[in-house]
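The values are calculated or read from the model by the stated rules, or taken from the named source; none is laboratory data. All figures in this text were calculated on a predicted structure; none of them were measured in a lab. Cβ sites come from the backbone with ideal geometry, for glycine too, and all protein chains shown count toward neighbours.
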Amino acid sequence: IKPDLAENIDLSLDDLKKSLMLKQNSFEFLISKEKYLDETLSNNKDLYLKSEDLKFLELSFSRNGIQALIIENVLPSLELEANKLLSYLTENQLSINLQIRKGRRLKNTEDYSQEIDIIIGDENGAVREYETYSGGESFRIDFAIRIALSRLVSLRSGVRSPILFIDEGFGSQDQIGQDRLREAIQEVSNSENYKFKKIIVITHLESLKESFGVALEVSKNESSSYFSLN
């Protein structure tokens, strides 16, 4: 082989070796990038799954999650309990229907509050707004719902409700309404279903003094007030 040809062959081999080395380095670089990409995709998938789990938990513990489900499940029982007592207090003239509706939008969120509408119907099926009922009728509706709520809380928690206050409800009732309220209070007081430790009735009606076992009478003179236990 001529010297010039041999030298050219050596130079060509050197160029090929350099080119091969560069390509090998590029290949190894691409392999490392591919590995990095696979790891990134795997991490992104894990992050996505964790993000979905967090979104689910956020929804579950929001107003429209478990809280809303509990309210939806308890409303039929609350409605049934309230109507049992309200039916007695009104001689089957009034009944309530509890319905959940979407309320106002909550600040800085996409959620809406849940509100409960109390729909009141009479014996003919006619529906009227709560505000249109008389003071006596409104008190009986309130009383029935209050007692029903207390009963449900007691049943679910297993804890006896300590005290029920009834403030000035009798003055808005006619004589039949007063009698039925008195009987309902005595029934609630004696029943294990409601579990009130004490029921305190506040009234100015003299006719009710003898209706309950213990009376704490508050009197007033020109200078002070005093009480006596009867």
Residue selected from region 112-154 under the condition in contact with a Phe, Trp or Tyr (Cβ under 8 Å, 6 or more places away or on another chain) and assigned to a helix (DSSP H, G or I), by the criterion farthest from R101 (Cα to Cα)
S154
Is there any pair linking a residue in region 122-134 that is modelled with pLDDT of 80 or more to one that is surrounded by fewer than 10 Cβ atoms within 10 Å (Cβ to Cβ) and not in a loop (DSSP other than H, G, I, E, B), with Cβ under 7 Å and at least six apart or on different chains, and which?
none
Return the residue satisfying two criteria in turn: it lies in region 206-225 and is exposed (fewer than 11 other Cβ atoms within 10 Å of the Cβ) and small (G, A, S), and of such residues it is nearest to N190 (Cα to Cα).
G213
